[in-house]
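First up is the structure itself, then whatever we jot down about it.
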Amino acid sequence: MINDVLVSGFFELAAVSASLTAAHETGLLVALSTGPAGGTELAERCTCSVAAAEQVLAVLVEAGVVQVDGDRYRFTSAVQSELDKSPGGAPAYFRLWAHTPTYLRSGAPTAVMDGTPAERSAAYSSTVGGLADLFGDAALTLASFAPIRAGARVLDLGAGSGVWSLAMISATPDATATAVDFERVLPSFRARAAIVGVGDRAETIVGDYHEVALDRNRYDRIVLANVLHLESPTDAAALISKAASATASDGDLVIVDIFDGDRPARLRHAAYALHLGMRSAAARPHRVADLVGWLAEAGFDRYSSIDLGAPAGVSALVAHRGVV
């Protein structure tokens, strides 16, 4: 992540921004993502001036984006790890951010997150595997810090690969998970359940989580992982209310998302809001204060937060009802 240059002065921040923009537009960032290379080699790949390329790279080195070993440049391990785990890899990662000027002028998103169920099903089915890789370690952390009891019934709304709920039941004897998602997405859930050895304890329900009927007071835990930011405030509140009606009287609701908070968290929150805005007219990360308000309205009397140490600052809220 860009280091203290963010608060050291606008001149430096402008230089970092301009260098990143130029490195993207010339293909220098994609060239860097393929592995260490010298300045001359990188400049030749991008048909750039060698001297100018090395000056841009020097700015990115001081910003903490790139490091140099001898005469070879590469992304820092933190940046490379984020690119490697990003669904679609480095090209897709940079391609979305390149849409920012067009988005700024028109406000038009670039993807089909607001499309028909069939379009969204197709889009999500191609990304859930990458998201499972991205959040696998964080899911294990959440399962450890927010355990469920033996035999618990977990409902995963908008489950995707099921990385979160399957980690929970994998750590707990006789617990079961039920996934709700689109038809083209659920094979990823079934495949992951088999891989982690809980295929016989995993069930699926095909459909849109807004429309699928849920049994009242049935589930010991309901998981809303990386789904509420896809919804408008009205729809997010309605989904929490729906989940509450299906939660057992002593059950809990787990929300996994990017939350605001201290200054670094607020920056991540703002950056992710921009990221979502370029993909959807409705999607947005919600403020913790709003989520807590919706949880209270739905009957959850308290909550705890868990820092998962996850990529992009993803964290969890565990909302409780009744005696815990």
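The values are calculated or read from the model by the stated rules, or taken from the named source; none is laboratory data. If you're wondering where the values come from, they're calculated on a predicted model, not measured in any experiment. Reconstructed Cβ throughout: ideal geometry from the backbone, glycine too, with neighbour counts over all protein chains shown. Each accessible area value is taken on the protein alone, full model and side chains, heavy atoms only, with ligands, DNA and RNA left out. Shrake-Rupley method; radii C 1.70, N 1.55, O 1.52, S 1.80 Å.
In nm, what is the difference between 0.36 nm times the number of residues separating ALA78 and ASP290 and their Cα-Cα distance? Between ALA78 and ASP290, full extension yields an extra 73.2 nm. For the range 210-324, the share of accessible area belonging to carbon and sulfur comes to 49 percent (1.4 Å probe, ligands and nucleic acids excluded).
Note on the range 218-324: with charges restricted to the Cβ of Lys and Arg (+1) and Asp and Glu (-1), its dipole about the Cα centre is near 240 debye. Rolling a 1.4 Å probe over the protein heavy atoms gives the chain an accessible area of 47 Å² per residue.
ASP133: net charge of surrounding residues, Cβ under 10 Å, Lys/Arg +1, Asp/Glu -1, itself excluded?
Taking every Cβ under 10 Å from that of ASP133, the sum is -1.
Kirkwood hydrodynamic radius computed over the range 93-210 comes to 15.4 Å, based on all pairs of distinct alpha carbons. Taking 7 Å steps out from each Cα toward its Cβ at GLU297 and ALA282 produces label points 1.6 nm apart. For the chain, the longest principal axis of the alpha carbon atoms and the long axis of helix 10-26 meet at an angle near 90°. Here r is the Cβ-Cβ distance between VAL68 and PHE145 and R0 is 35 Å; the resulting FRET efficiency, rounded to 0.05, is 0.35. Among the listed options [x] 0.98; [y] 2.22; [z] 1.08, the one matching Cα Rg over 2.2 N^0.38 Å as calculated from these coordinates is [z]. Spin-label model, ASP250 to LEU274: label points 7 Å out along the Cα-to-beta-carbon direction sit 4.8 nm apart. Note on the chain: with charges restricted to the Cβ of Lys and Arg (+1) and Asp and Glu (-1), its dipole about the Cα centre is near 360 debye. Which of ALA319, ILE255, SER304 sits farthest toward the positive end of the charge dipole of the range 247-324, with +1 on the Cβ of Lys and Arg and -1 on the Cβ of Asp and Glu? The listed residue farthest towards the positive side: ILE255. Can you give the FRET efficiency to the nearest 0.05 for THR234 and ALA14, using r as the Cβ-Cβ distance and R₀ = 30 Å? It comes out at approximately 0.20. Toward the positive end of the charge dipole of the range 1-89, with +1 on the Cβ of Lys and Arg and -1 on the Cβ of Asp and Glu, the farthest Cα among VAL56, SER77, GLY9 is that of SER77. Each Lys or Arg adds one and each Asp or Glu takes one away; over the other residues whose Cβ falls under 11 Å from the Cβ of GLU41, this sums to 0. The long axis of helix 89-98 is offset from the longest Cα principal axis of the chain by roughly 80 degrees. A simple count of charges around ILE205, restricted to other residues whose Cβ falls under 14 Å of its Cβ and scoring Lys, Arg +1 and Asp, Glu -1, yields -3.
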